[in-house]
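Taking it in order: structure first as structure tokens, then the write-up.
Nothing in this text is a laboratory measurement; each read-out follows from the coordinates by a stated rule. Owing to the predicted nature of the structure, the values given are computational and were not obtained by experimental measurement. No Cβ is skipped: glycine too gets one built from the backbone with ideal geometry, and neighbour counts run over all protein chains shown.
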Amino acid sequence: MKPFLSNEQIQQMADHYGAPLFIVDCDQVRKQYLALQEALPGVDFFYAVKAFPNDAVISTLKGLGAGFDLATKGEVDQVQRHFVNPRETIHTHPIKKDSEIKAALRFGCTTFVVDNIAELEKFVKYRHRVGLLLRVSFRSETAKVDLSRKFGCSADKAMQLIHRAQQMGIHIKGLSFHVGSQSATPATHVQAIEACADIINKCPIPLNMLDIGGGFPVNYDGSTADIYDFCQPIREALKQIPKDVHIIAEPGRFIAAPSAMTISSVVGKAVRGNTTWYYLDDGVYGSYSGRLFDHAQYPIRTLKSGELKPCVLAGPTCDSIDVIEEEIMLPELEIGDLVIGEMMGAYTAATATDFNSLERAKIIEINIVAESGHLKIVG
Ligand SMILES: Cc1ncc(COP(=O)(O)O)c(C=O)c1O
């Protein structure tokens, strides 16, 4: 994917604001959202706010008519500040405190997710106000982050839970699944859709919503695999779902990841053994937190040219785990040189910490005006 800022623009940003920076381009958000819409026609999207809970991203997506997938009171509060219509939100955390349910209900969100009896019981007192999705688990060996280990009932328990809910007077209005984030292939999506079609067809009560979760991948390795092609078997599988079922999805990474780049600067340099270590002003406790939590490896480059040599890129904290990359090939760098991380919008700033009381990278929101390449600062 082509970087959304030229090297000259990156240098100007760093000169103007100082490093470390986290640059978000709302135009990329727009492009990703529209690409996914084209790849999955007839599916309504609820952006998974957790991926990158950024106001400019939320406002851009709201402008495009997106809904929002919420998991906590903090996320509820954030979309409420944007005057998002609560009917266009779903609360998808399968395990939640009563206070979380209350906060979402107070806002006006009425669609929640459950996957077990104890969670169903929490909704008995709210049964006249909610419609629930039953989350079914489909393990994926190819996803980078397998979410079906922690959440979801097995497909063969689904009918039993639907029946229990009915006895409790709780309305199960549909099914949901999440095959895991950054899926390598669409195979688990397809398997999950087929299994859900089977449950929907056999269920004695009407299930009229299917939430196919997230998991839509991005290209961290610079390859050009296309989301339309990735979704082709998913489009095919969705034909098995009865026409009156409302199909929704909760993409996070696909929308957020390509929308941000980081600009860090070299603050220290040392030769240890035969290897040069460069210390940056951002690291795995900051914007590169996804190296640990999300198992992501971001494309990293510099603005310099020259012979490439293996080196280590480390973060600014005192902890030895704060190493972004080992054996990365870069030209010789000097203190003050800039290091650019691409595809850094998802599960990065969202999971950054303040460890060592270091300031996080400053977030700058921009809107590239497509034809001219002209930059407009949003924030
Ligand atoms: C319930 C739920 N929905 C949606 C998402 C977003 O998934 P992705 O970023 O793979 O699109 C997640 C990610 O953790 C999730 O837990």
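The table below gives the values:
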quantity	calculated
Residue-averaged 222 nm ellipticity for the chain, from DSSP H runs of 4+ at -39500 (n - 2.57), nearest 500	-8000 deg cm²/dmol
Given charges at Cβ of Lys, Arg, Asp, Glu: the chain dipole, positive-most of Ile241, Ala257, Gln160	Gln160
Charge tally in the Cβ shell below 10 Å around Gly315, where Lys, Arg are +1 and Asp, Glu are -1, Gly315 excluded	-3
Size of electric dipole in the chain: Cβ of Lys, Arg +1 and of Asp, Glu -1, about Cα centre, debye, nearest 20	1660
Neighbour-count ranking [beta-carbon atoms within 10 angstrom, fewest first] of Asp282, Asp244	Asp244, Asp282
Sorted by Cβ density within 10 Å, fewest first, the residues Arg127, Arg81	Arg81, Arg127
Global size of the stretch 114-231 as Cα Rg and Dmax, reported in angstrom	15.7, 52
Among Ser176, Ile117, Ile364 the positive-end extreme of the charge dipole of the chain (Cβ point charges)	Ile117
Residue among Gly67, Leu40, Val57 farthest towards the positive dipole end of the stretch 20-170, charges placed on Cβ	Gly67
Protection proxy ranking, peptides 183-191, 208-216, 160-168, average beta carbon neighbours within 10 Å, highest first	208-216, 183-191, 160-168
Radius 13 Å from Cβ of Gln232, net charge of other residues (Lys, Arg +1; Asp, Glu -1)	-2
Kirkwood hydrodynamic radius of the stretch 1-90, Cα pairs, Å	14.7
Reach of Lys31 by Cα under 25 Å, taken over lysines that are not fewer than 8 positions away in the same chain	Lys2, Lys50, Lys62, Lys144, Lys362, Lys376
In degrees, nearest ten, helix 7-17 long axis to first principal axis of the chain (Cα)	90
Over the chain, relative contact order from alpha-carbon pairs under 8 Å, at least 6 apart, %	20
For the chain, alpha-carbon Rg relative to the globular expectation (2.2 N^0.38 Å, N residues)	1.05
Estimated FRET transfer efficiency when R0 is 30 angstrom, pair Gln37-Asn201 (beta carbons, to 0.05)	0.65
Likely footprinting exposure, Cys26, Cys153, fewest C-beta neighbours within 10 Å first	Cys153, Cys26
Distant alpha-carbon pairs in the stretch 251-370 (separation over 25 angstrom), percent	21
Between 0 and 90°, nearest 10: helix 26-39 axis offset from the chain longest Cα axis	40
3J(HN,Hα) from dihedral phi, the stretch 179-186, Karplus parametrisation 6.51/-1.76/1.60, rounded to Hz, x for glycine, proline	7, x, 8, 6, 5, 7, 9, x
Principal axis box of the stretch 87-157, alpha-carbon based, largest edge first, Å	39, 24, 18
